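The structure appears right after this line, and notes come after that.
What follows is calculated from the coordinates using simple rules that are stated; it is not laboratory data. Please read these numbers as outputs of a predicted model, since none were measured by experiment. Every residue, glycine as well, gets a Cβ built from its backbone with ideal geometry; the counts of neighbours run over all protein chains shown.
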Amino acid sequence: MEVPMRRAIVLAPSLFFLSACAGVRPMTVRGATMPVTRVLLFQNGLGYFERRGATGDTVDLVTRREHLDDVLKSLAVVDRAGGRVASVRVLASAARAETVTLRLGLTGSATHDLSVSYMSEVSGWRPSYRVVLGPEGHARLQGFAVVDNHTGEAWRGVHLGLSTATPLSFRYALQTERNAQRPELTSDGRLVRRPAESAQGAARRDLLLQNIAPVVEGNDPMLQNDVQAAYAATNVALPRPNSRAGHMVPDNPSRPMENPAVQPQPQPLSPEDFAASLGSEDPSAGFTLESPGAMDLDTGESAMVPFVDQTIDGAGVYLFRPATAGGASATHPYRAVLLRNPLEAPLLGGPVAVYDAQGFVGDGVTAVIPARAHAFVAYAMSPDIAVSRSNESAEDEVRVTQAAAGMVTVELQSVARTRFTVDASRPLDARVFLHVPSRPGFEPRSLPAGAVETPTGSFVPVAAGEAHHALAFDLLRRDTRQVHLETDPSHTYVPAFLEFLARSPGAGDTVPRLRQIYTRTTELRDLRASLEEDLGVQQRALAERREALAALRDVPANGALRQRIGRGVAEGVAQVDALTRRMVTANAEALSLREEWYAQLRALVVPAPTR
C-alpha cells in the first residue's frame with residue numbers, strides 16, 4: 001500500500017539482522033487472516049501499523065490491556081469492499097487479564113476487504129554512520145537505521161517506513177469510567193446533605209462552591225435555594241466549550257455563512273489519510289524512509305537498514321573548539337571530519353565510525369545535521385599542534401548618519417577581536433578550523449573562503465602547509481545613539497560629523513569654516529590645559545617666595561637675600577599676570593568660537609546624504 005508523504009527517501013533493499021529479545025505484541029487478530037502489511041516507525045518511540053485481509057462479518061482484535069487506550073484513540077477501520085463498521089465492542093474480561101478483545105461488527109457486503117490501522121508504543125529506530133575518507137576532498141558516507149521487531153509477531157512482506165518526524169501523541173484514559181456528579185433530592189424536593197465526606201470530596205465541593213458563589217449570591221430569585229445551587233455546582237463540572245472553535249468566514253462575503261446548527265456528517269478516516277497526516281509539511285524538518293519492496297523481519301530480531309550510501313564532500317581536518325570543562329582541548333585541536341549532508345533532509349544525531357586508507361581511525365558523535373549543511377565530527381586529539389588565543393575589544397569606527405540643528409545621529413562600530421596563534425611540530429598536513437563563538441549583537445566583519453557558519457559561531461580555516469600561523473578575526477557590533485554638538489565644537493564625534501557634511505550636497509560652503517572652528521577649538525583646548533598647568537606651577541612658586549620673604553623680616557643681616565627673593569617675587573608676579581592674560585584671551589577666543597559654532601549649526605540645513 002502506497003502512502004503519500006511530503007518527503008520520502010527510498011531504503012536500500014538489503015538488511016543486516018541482529019539478535020534481540022522478544023517482546024509483547026501490541027495487537028493480534030482472531031477469526032480472520034489479517035497480517036501486518038505496513039509499519040511506519042517514528043524515532044520518538046511510536047509505531048503506525050496497518051493490517052489488511054479478507055474477513056467475515058465479525059473480527060476480533062486482541063490487544064494488551066496497557067495498549068487499549070492507544071488503540072481506542074487511534075483505531076481506523078475501512079472496508080474497501082464497500083461495507084461499514086456496525087459496532088466496535090470491548091468484550092468483558094477478567095479484571096487482571098493481560099489482554100482485551102475488541103470485536104468489530106461489519107455489515108453492508110457479503111465479503112469484506114478490511115484495512116485496520118492503529119498506533120502503538122514501540123522501540124524507536126536509531127541511526128549509525130560510517131565515514132570513509134578519500135582523496136581530494138571526497139568521502140564515502142554510509143548511514144544505517146537500527147530497527148527492532150519487539151511486537152511478538154513476525155513481519156512477512158511488510159512495507160517498512162522510518163520517519164524522523166515527531167508527531168504529537170499523548171496518553172488519554174479512554175477506558176476509565178467517568179460518572180457525572182448529580183445532586184440527590186428527597187421526594188419533596190429537598191437537598192440531601194451527606195453527614196460524612198472525604199477530604200478529597202470536601203476539597204472538590206469547596207472548589208465548586210467557590211466557582212458558583214457569585215451566581216448564587218446574585219439577585220436571580222431562581223438561584224436563591226440549595227437545590228438550584230446544587231444544580232449550579234454540578235454544571236460547573238461539565239466540559240467547557242473549546243475556546244478555539246468557531247465558524248470560518250466564507251471566501252465570498254456576499255455568500256451567507258452556513259447554518260452553524262447544521263454539522264457535517266463525519267467521514268471515515270482511511271489509513272492512507274491517517275498516515276499522510278503524520279508526515280512533515282516542511283521537508284527541512286524531517287524525512288520518511290520508504291522501502292522499495294516488501295521486507296521480512298522475524299519477531300525478536302533487529303535489522304540495520306541502510307538509508308544513505310554515497311560519495312560526499314568530506315575531508316580530514318583539525319578542529320579547535322575548546323570544551324566547556326577546558327582540559328587539553330583548551331590548547332590542542334581535535335582531528336575531525338568535515339562533511340556535508342547530501343540529503344534534502346536532516347541527518348539525525350548518532351555515532352560515527354571514521355576510516356581512512358589505513359583503516360579505522362576513531363569514533364565520533366554528531367548532533368543533527370541540517371539538510372545540505374556542513375558539520376564537524378571530532379574523533380581524536382592532536383597534541384603535536386598547539387593553539388593560543390586572546391581577546392580584545394575596541395571602538396573601531398564612528399559614522400554620522402543624520403544631523404539636524406546640532407543633534408546628530410551617530411553609528412558606533414565596536415570590535416571584538418580574537419587573535420589566534422597556531423604552532424605545530426611539523427608542517428600542517430590539513431586545514432585547521434578555529435572556532436570563534438558568536439556574541440549577541442555582533443556579526444563577522446568578513447568571512448574567508450571555506451569558513452563554516454553555525455548557530456554557535458564561525459569556524460575560520462587556516463591553510464595547510466606552514467607550521468606557524470597567526471591571524472585575527474573580528475566581530476562587529478553597530479550601535480546607534482544621538483548626541484548634541486551645538487555647544488561643543490571639540491566633541492569627539494565632530495570629525496565624523498564634518499565628514500558627513502562633506503558628503504551631503506549643499507553643505508560644502510559651511511564645512512571649511514566649521515572645520516576651522518573645530519581645529520582652532522582643539523588647539524585652544526590644548527593651549528588652555530597647558531596654560532592652566534603652567535599657571536599653577538607659577539602660583540605655587542610665588543606663594544613659596546612670599547612665605548620665605550616674610551620669614552626673613554625679623555632676621556638681621558639678611559638684606560642681600562631679601563633683595564634676591566624680592567626680585568623673584570616680582571618676576572613671579574609678572575609671569576602669573578602674563579599667563580593669566582593669555583588664559584583670559586584663550587577663554588575669550590574659545591567662547592567666541594563656541595558662539596559662532598552654535599550659530600552656524602542652528603542655521604545649517606543638512607539634506608539627505610548621498611549614498
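Okay, here's what the table says:
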{"quantity": "Cβ-based charge dipole, segment 499-603, positive-most Cα from L593, Q563, T580", "calculated": "Q563"}
{"quantity": "Long-range HN-HN contacts of R321 with modeled amide H, under 5 Å", "calculated": "Y334"}
{"quantity": "Per-residue ³J(HN,Hα) for segment 448-458, Karplus 6.51 cos²θ - 1.76 cosθ + 1.60, θ = phi - 60°, Hz, x for Gly and Pro", "calculated": "x, 4, x, 5, 10, 9, 9, x, 8, x, 10"}
{"quantity": "Cα centre as origin, Lys/Arg/Asp/Glu Cβ charges: segment 303-381 dipole, Debye", "calculated": "220"}
{"quantity": "Equivalent-ellipsoid semi-axes of segment 324-447, from the Cα gyration tensor, Å, largest first", "calculated": "39, 21, 12"}
{"quantity": "Sorted peptide list for 337-350, 589-602, criterion being average Cβ within 10 angstrom, highest first", "calculated": "337-350, 589-602"}
{"quantity": "Placed amide H near D298: partners under 5 Å, 5+ positions off or other chain", "calculated": "W155"}
{"quantity": "Whole-Hz ³J(HN,Hα) from phi, Karplus 6.51 cos²θ - 1.76 cosθ + 1.60, for segment 515-524, glycine and proline x", "calculated": "5, 4, 4, 4, 4, 5, 5, 5, 4, 5"}
{"quantity": "Sequence ranges 544-554, 172-182, 397-407, ranked by mean other-Cβ count within 10 angstrom, highest first", "calculated": "397-407, 544-554, 172-182"}
{"quantity": "Residue-wise HN-Hα coupling along segment 415-428, computed from phi with Karplus coefficients 6.51, -1.76, 1.60 (Hz; x: Gly, Pro)", "calculated": "10, 10, 9, 10, 9, 10, 10, 10, 10, 10, 6, 8, x, 5"}
{"quantity": "Given charges at beta-carbon only (K, R positive; D, E negative), |dipole| of segment 51-121 in Debye", "calculated": "80"}
{"quantity": "Placed amide H near R38: partners under 5 Å, 5+ positions off or other chain", "calculated": "E50, H159"}
